[in-house]
Every structure is written in structure tokens, then in C-alpha cells.
Amino acid sequence: MAKMAVQQEKGEIFVPESERLEVPEGLVLTLKNDVVFRNVFRKCRKGLKGLLGALLEIPPEQMIDLEVIDSHLEQEYGEDKEGILDLRLKCAGEKQINIEMQLYHVRYWVDRSMYYNCKMLVNSVRKGELYRTMKHCVHIGILDFDLFPDQREFYSVHKITNMQTGKIYSDKLSFHVVELKKLDQATDEEKKEEVYRWAKLISARSIQEMRAVAQGDEYMKETVDAFEDFDLDDEERYRAFRREMAIMDHKSGLDGAYEEGLEKGMEKGLEQGMEKGMEKGMETGLQVMISTLKEMGLSKEEVKDKVKNCLSWADAKTDEIIEKYW
């Protein structure tokens, strides 16, 4: 492991020897790290315009009045990332946009995004103003997990619509979701879209990969330059590595909880099913495990992976049982 510290200079933070980070070998910073993401796009306005242009299908050069505003909101729930939204923006006075980069699974992500977007909508109208002055509020979630496991598309847009006619009820609220883990499933047509290239840039694991993706695009190139500048800032790197390691700890804790859920579910299921025979007991055990893991917020594919990793006897029939009880 490599030690990392920040020197005290002109008011910068100083990290004592005892508190210096032990950075695991191979741990790298990417745009998926929310500290990196927020820092890079706050400073690189041109890159931010390029990203938003791809997501909102607006030519970047038309985003003349783009303002980054205070991203602190009152914290009401423990999972609210300390009440800090990664990027909160105003666009030409007509739109308010919240962009969030999320590295690990959040069980109630849809509800969370609804809460923040609706709160932004309410705050867009001042006391005494008319309802029609409400701004169009856009929530953009860039997720490193599958939010919609039964949907192949990596990018989706959601609005309030009439269920019978498909007509939009109001365009004041919209939700854009980018699921980075689905990029490998993109069709040839989707790979031609700008939003795909930006998703690939955010997912890139090295500066070489970032440069390759950004080739020929001035907005992406400036984003890569801003990322390299960030990489030279010791203080920001320190904060980003702290965040990266906290995420690793969080994921490790989830893995432990998953395994505990598997063990408890299997034990309970076997107790309930053994009187009906070994095969039935195994199926009952799996049924309880599936229920337990679904309650913990796992997708179907994640449940399959966890079951197969934890149960040496899991076979093709296991998939059938999971499909049966999903």
C-alpha cells in the first residue's frame, strides 16, 4: 500500500502521519468517484455543457447561461450522502438540473430521486409567484448498478404521462437514468449516440482509455484535461481516495450482509422443507433466500450471482427456481 498525505501550505489541510491514507495497490480514481465527478465538472464548464448536451439533446453551444448553484440540501435520511447533491445547475433560467453519480446500490433510488426533484421543483417557485413560473426540473442519475434489471437499455428518460394515451401530463419533472453496467449491451445504433460516448468516458479506468474515447470531441478533451489537473491536486486527491475507500468499505459491508442473508435464508428454508425431502428442502431454502435478498434490494442477476458464489451445489436448476419465485 502507498501512503498519501497533503502538505500544509497557504491554508491547505495537513494530514498527520497517523491519519495518512493507506491506499491499496491498484486503487485508481476515475470520473465515477463522486468527489472527482463533482470537482471536474464544476471546474470544466465546457465539459459540463458537452455532457448535458448529450443527455438533454441540446447543442452544447446553445447552453450560454449555465450556472452551478449551491448543492447542499437539508439532510433528512441517513442515505442522503450528507445532503450534498453532486451537481445542481440552472440552465438559461428555464431548467434546474441535479446530476448525481452513484457508485453503489441504493435500494430506494427511485423514491430518493423523486424526493430531490420534487423538492427542487417546489423551491423553484417563490412565495407570491404564480404556479406557471415553476421551472422544468431534471434529475440525472448516473449509476454504477442496475436500477432496472429487466431493461436492456443503458439510458432511459422518465416523465409523468397518461397511461392510456401516452400523452405527457406535465413536462415540469423528468428523470434521466444512465446505467453504466449495461454499456456492454448497447446496440450498434446506441454506440453512435453522444450519451454512449460520455458514459464510456465516465467509466474509463485509465487516462489512456479516456483520451481514446475523447478523440475528436473538444468537450470531452477539455474534460480529460480537467481530470488530469485534478489528479495533480494533492488535497482533492486525498478527499477522493477517502471517498473511494469508504465506498469499498460500504460494498464490503453489503457483501457481508448478503452472505449472512443467504446463510440465514438457507438455514430457515431447510428447516421448513427437510420434512418434505432433500430436493424439496433445497428448493424451499432457495425460496426463502430469494425473498431475503429481494428485500435487501438486489436485482435478479445479483441474486443469481450471490447464490452461485455461496452455494457450491448450485446448478442450472437454481436459475429455474429463482425465476419461479422471483
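FYI, it's all coordinate maths here, none of it is from the lab. Just so we're clear, the structure is a prediction, and the values are computed from it rather than from any experiment. Cβ coordinates were reconstructed from backbone atoms using ideal geometry, including for glycine residues, and neighbour counts include every protein chain displayed.
With each pseudo-label sitting 7 Å past Cα toward Cβ, what's the Cys118-Tyr104 distance in nm, one decimal?
Label at Cys118, label at Tyr104, 2.7 nm between them.
Mean 1/r over all different Cα pairs, inverted: what Kirkwood radius does region 21-232 give, in Å?
Over region 21-232, the inverse of the mean reciprocal pair distance is 18.2 Å.
Once you have the Cα-Cα distance between Arg211 and Arg42, take 0.36 nm times their residue separation minus that, and quote the gain in nm to one decimal.
58.8 nm
Which trypsin sites (Lys or Arg not before Pro) in region 86-187 sit in a loop by DSSP (not H, G, I, E or B) and have at most 15 other Cβ atoms within 10 Å of their own Cβ?
In loop regions of region 86-187 (DSSP not H, G, I, E or B), the sparsely surrounded trypsin sites (Lys or Arg not before Pro) are Arg107, Arg126, Lys127, Arg152, Lys167.
How about region 145-203: which GluC sites (Glu not before Pro) there are in a DSSP loop, with at most 11 other Cβ atoms within 10 Å of their Cβ?
Filter output for region 145-203: Glu189.
Please list, in chain and number order, the residues 5+ apart from His136 or on another chain whose amide H is under 5 Å from its amide H, with Hs placed from the backbone.
So His136 has HN proximity to Gln96.
Using modelled backbone amide H atoms (1.01 Å from N, in-plane), which distant-in-sequence or interchain residues come within less than 5 Å of Asp86's amide H?
For Asp86, whose amide H was placed from the backbone, the distant partners under 5 Å are Met101.
How much of the DSSP bridge set in region 21-232 is antiparallel, in percent, rounded to the nearest 5?
Percentage antiparallel, nearest 5: 55.
Explain nothing, just compute: Karplus ³J(HN,Hα) = 6.51 cos²θ - 1.76 cosθ + 1.60, θ = phi - 60°, for every residue of region 185-199 in order, whole Hz, x for Gly and Pro.
With coefficients 6.51, -1.76 and 1.60, one gets 8, 5, 6, 4, 5, 5, 5, 8, 7, 4, 5, 5, 4, 5, 5 Hz.
Which entries of Lys159/Lys306; Lys90/Lys159; Lys172/Lys306; Lys191/Lys306 show an alpha-carbon separation above 28 angstrom in the structure shown?
Those over the limit are Lys159/Lys306; Lys172/Lys306; Lys191/Lys306.
If the chain between Thr165 and Asp150 were fully stretched, how many nm would it gain, using 0.36 nm times the residue separation less the Cα-Cα distance?
Answer, rounded to one decimal: 3.0 nm.
Each residue of region 164-169 in order: what ³J(HN,Hα) in whole Hz does its phi give by Karplus 6.51 cos²θ - 1.76 cosθ + 1.60, θ = phi - 60°, with x for Gly and Pro?
Those phi angles translate into 7, 9, x, 6, 6, 6 Hz.
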